[in-house]
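To start, the structure under review is shown below, and the notes come after it.
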């Protein structure tokens, strides 16, 4: 699939309860952690770049400054599924042929891996893999969007991805940040990540 047919969406509307504060605004190498992946992906010539955020989120202006179109999620309490439903609606409005979903708390996702997911998409859902399990980022061709609209609660698309084809990601790049300890470990551990655009 061509990148120009794909809507790239960063989901950034979670409550970060385990972190204890606004984790997306936590410092990572001199910038808010939540913009790291978005900054890596904005150079991909996609049909659109969206960021799903809570209303008045502190991170939202950072996404807007990168060129992302903001999608407000006033129902974040309903879990990840609410953001997935908004992601589908945003992609449908621009008639994208596929939806690439990335999570804002996975700051080490590189553009090269996203490009590989897009290139490999031939009508099937493709998830990323760390060698043990399938997870985001993942690409969903338009025919599969009804599956995303059926998701409920905070499990998101986990059950869908468990049955999807997977593509191995660079070692360490699927590390997510849930707690302050996760963030500290990411700063002190060399992950050997591909951050190329």
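Over the chain, the pair-distance histogram of Cα-Cα distances with 5 Å bins from zero comes to 1, 8, 17, 23, 23, 17, 8, 2, 0 percent, rounded to whole numbers. Fully extending the segment from residue 176 to residue 31, taken as 0.36 nm per residue of separation minus the present Cα-Cα distance, adds 50.6 nm. Each of residue 97 and residue 78 was given a label point 7 Å from its Cα along the Cα-to-Cβ line. The distance between the two points is 3.0 nm. Oblate is the label for region 1-100, because a/c, from the alpha-carbon gyration tensor with a ≥ b ≥ c as root eigenvalues, is 1.5 or above and a/b does not exceed b/c. The residues 158, 39, when put in order of fewest to most other Cβ atoms within 10 Å, stand as 158, 39.
Computed over the chain with a Gaussian network model linking Cα atoms closer than 10 Å, the most mobile of 157, 64, 37 is 64. Between region 110-183 and region 33-106, the alpha-carbon centres lie 15 Å apart.
Annotation: extensible slack from residue 65 through residue 149 equals 27.3 nm (criterion: 0.36 nm per residue apart, minus Cα-Cα distance).
Bear in mind these aren't lab numbers, they're just calculated from the coordinates by the rules spelled out. Predicted, not measured: the structure shown is a model, and the values here were computed from it. We place every Cβ from the backbone using ideal geometry, glycine too, and count neighbours over all the protein chains shown.
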